[in-house]
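Okay, structure first, notes after.
The values are calculated or read from the model by the stated rules, or taken from the named source; none is laboratory data. Note that the structure is a prediction, hence the values are computed from the model and not measured. Please note: Cβ atoms are built from the backbone with ideal geometry, for glycine as well, and neighbour counts cover all protein chains shown.
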Amino acid sequence: MSLAADFQLILDALPPDWTDLEVDLRIDDERQYIDSAVALSQVNARPYNRPRVGAHWRLFVAHSFGHAAAAESVKGVLAKLDADGVSGEMLVAEVREGRSEVVQMWGRPESVREEFRQRRSI
């Protein structure tokens, strides 16, 4: 299965209120490491400095806010790796759920407040 399809399966398995996701990515052919690193730099994937259970990068993914790459961006980069013939596997390292960012709502119309609550399931 392709990396993008694997990533979509991971996203589909997450609860609806997930906020942050960390995924370890390992590629099968280490000769493709440099080219893969260039593509993965677009989503700020962090390479491991020392071997750790065979993983090469940690991908940080945000659902709708936060200091991580958007899930759509990560999926696009993984699709590019698929198109380049890179194969590998992903393992979910951590999922955080149920958090919402703090936003100043003073002076905002009720419609904005209601939309915020609805989108964040508060």
Task: Candidates Val77, Val23 - the one that is farther than 27 Å from Gln118 by Cβ, in contact with a helix residue (DSSP H, G or I) (Cβ under 6 Å, 6 or more places away or on another chain) and at pLDDT 90 or above - done: Val77
Open item on the list: For the list (1) small (Gly, Ala, Ser); (2) assigned to a loop (DSSP other than H, G, I, E, B); (3) within 30 Å of Gln118 (Cα to Cα), I need the number of the one condition that Gly85 fails.
Closed with: (3)
Task: Condition check for Asp6: out of contact with any Phe, Trp or Tyr (no Cβ under 8 Å at 6 or more places or on another chain), of a type in the set (Asp, Glu), in contact (Cβ under 8 Å) with a residue 24 or more places away in the chain and surrounded by 15 or more Cβ atoms within 10 Å (Cβ to Cβ) - done: yes
Task: Which numbered condition Glu101 misses (of (1) modelled with pLDDT under 80; (2) over 15 Å from Glu22 (Cβ atoms); (3) surrounded by 14 or more Cβ atoms within 10 Å (Cβ to Cβ); (4) not hydroxyl-bearing (Ser, Thr, Tyr)) - done: (3)
Task: Failed criterion for Gln8 (all others in (1) of a type outside the set (A, V, I, L, M, F, W, C); (2) closer than 30 Å to Gln118 by Cβ; (3) part of a strand (DSSP E or B); (4) modelled with pLDDT of 90 or more hold) - done: (3)
Open item on the list: Consider the range 9-23. How many of its residues are more than 14 Å from Ala79 (Cβ to Cβ), within 13 Å of the chain's Cα centre (by Cα) and in contact (Cβ under 8 Å) with a residue 12 or more places away in the chain?
Closed with: 8
TODO: Would you mind telling me which numbered condition in (1) among the aliphatic types (A, V, I, L, M); (2) outside any strand (DSSP E or B); (3) buried (at least 18 other Cβ atoms within 10 Å of the Cβ) Leu59 fails?
DONE: (2)
